[in-house]
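The values are calculated or read from the model by the stated rules, or taken from the named source; none is laboratory data. Please read these numbers as outputs of a predicted model, since none were measured by experiment. Please note: Cβ atoms are built from the backbone with ideal geometry, for glycine as well, and neighbour counts cover all protein chains shown. Side chains included, ligands, DNA and RNA excluded: accessible areas come from the protein's heavy atoms. Shrake-Rupley method; radii C 1.70, N 1.55, O 1.52, S 1.80 Å.
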Amino acid sequence: QVQLVESGGGLVQPGGSLRLSCAASGIIFSVNAMAWYRQAPGKQRELVARITTGGSTNYADAVKGRFTISRDNAKNTVYLQMNSLKPEDTAVYFCNRVSPVFPSWGQGTQVTVSS
């Protein structure tokens with residue numbers, strides 16, 4: 001059974017940084033392209049960043065140049081380093097596989113950017 005556990009969120013001031021982590025279990029992590037998604041209140045979940053099995057990365061325009069996705073296959077973990085945070089980055093952040101996603105999502109981690 002796939003289990004995804006996100007952590008690292010919190011309250012941060014505009015311009016601040018956070019590092020999110022997502023530990024995966026129940027899958028062969030290294031053969032899966034992984035991604036971070038986010039869902040803001042009243043909005044649909046959106047893809048923020050993705051990383052292939054070979055380490056190639058791709059970002060949504062809204063976060064390009066500020067966020068960095070990485071993975072550690074030995075730890076079955078994917079990370080999201082978020083710098084220069086803006087209020088519009090406020091959302092619950094989730095990790096999952098790049099489409100097709102796993103049907104069971106984790107609980108997510110709340111990121112709130114506010115002064």
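Averaged per residue, what accessible area in Å² does the chain show with a 1.4 Å probe, protein chains only? Can you show the working numbers first?
On the way: 5910 Å² over 115 residues.
Accessible area per residue, the chain: 51 Å².
Each residue, Asn73 and Leu11, gets one label point 7 Å from its Cα in the Cβ direction; the gap between the two is 4.1 nm. Each eigenvalue of the Cα gyration tensor of the chain, multiplied by 5 and square-rooted, gives one semi-axis; in descending order these are 22, 14, 13 Å.
Ranking Leu18, Leu47 by solvent-accessible area of protein heavy atoms (1.4 Å probe, all protein chains present), from largest to smallest, gives Leu47, Leu18.
When the accessible area of the chain is computed with all protein chains present and a 1.4 Å probe, what percentage of it is carbon and sulfur? Provide the component values of the computation, followed by the final result.
On the way: 2860 of 5910 Å².
Result for the chain: 48 percent of the exposed heavy-atom area is carbon or sulfur.
Orientation-averaged projection of the stretch 50-115 equals 5.3 nm² [convex hull of Cα atoms, one quarter of hull surface area].
Express in whole angstrom the spacing between the alpha-carbon centres of the stretch 13-77 and the stretch 88-113. Taking the Cα centre of each part, the stretch 13-77 and the stretch 88-113 sit 9 Å apart.
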